[in-house]
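The values are calculated or read from the model by the stated rules, or taken from the named source; none is laboratory data. Fair warning: this is a prediction, and the values are worked out from it, not measured in the lab. Every residue, glycine among them, receives a Cβ derived from its backbone with ideal geometry; neighbour counts consider all protein chains shown.
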Amino acid sequence: IEKNKILLGTTSANFSGEPSPLRASQITAYLKEGIDLLLDGGETLLGEESTIVRATSSELQLIREGWLPRETVDREGKAKGNILFVCTGNTCRSVMAEALLKKLWPEEQSDRVKIHSAGIAAFDGSPPGKMTLEVLREKGINASFYRSARSEGAALKMADLILVMEKDHKERILHLYPPGRGKVFLLKEFATGSKEEISDPMGSSYQSYEECLREIEENIKGVMKKLGLDYDRGA
């Protein structure tokens, strides 16, 4: 664990209010009834109680300070999350999704997440489509600076959550990056549990772009609700 610099979450070996055991023989008989296997490695090396933290979708809350100091909990609690939206060309749907989530994300937590997008068949450096820019402008969002990027291994590996528009996107991402299983979802799937796709408006009417934006916005709010975040920012 120390070598790989990861955090390990475990349960306590005592009930609330009881002293923490330092060796297997100190575990109460009542607690032992629910244990199928007990490995006795001798007395604990640290000899101190564990630090208890409540992990929510947006923060780490220190419940009891123990061997792990408060400073470490505070530092890890400020670590950035990474949310990646993926569509086909990264000029319409994923751009809308990225822009809307950035607009709705709580300002006080904006430095704790990286929100970006890519396309499975994108050409690097392409600007968003004209109608994409126009419907976003109606929402008060200027995306003219945005340039497309291709969804590649590094971006997929670094993302904590990958939200796609179509089932084909999900399949192709998992083909490129099999370890991504478990963090790749259809946008609607993650937001509402639905397996429905969000259709590509490219080549369609302006009304189709407006409908696509509304559909994505509705599901972005569902994503934020799932993450336990307030999205009421006048959008």
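Of note:
- Members of the range 1-45 found to be modelled with pLDDT under 70, of a type in the set (A, V, I, L, M) and loosely packed, with under 10 Cβ neighbours inside 10 Å, listed by number: ILE1, ILE6, LEU8, ALA29, LEU45
- Condition met for SER110 (under 21 Å from ARG181 (Cβ atoms), hydroxyl-bearing (Ser, Thr, Tyr) and assigned by TED's automatic domain parsing to the domain that holds PHE185): no
- The set of residues in the range 76-90 that are surrounded by fewer than 23 Cβ atoms within 10 Å (Cβ to Cβ) and over 28 Å from THR51 (Cα atoms) comprises ILE83, THR88, GLY89.
- Close pairs from the range 122-133: first assigned by TED's automatic domain parsing to the domain that holds MET96 and closer than 22 Å to ILE173 by Cβ, partner assigned to a loop (DSSP other than H, G, I, E, B) and among the basic types (Lys, Arg), Cβ under 8 Å, at least 6 apart: ASP124/ARG147; GLY125/ARG147; SER126/ARG147
- Check on ALA122, surrounded by 12 or more Cβ atoms within 10 Å (Cβ to Cβ) and either out of contact with any Cys (no Cβ under 7 Å at 6 or more places or on another chain) or over 19 Å from MET224 (Cβ atoms) (or both): yes
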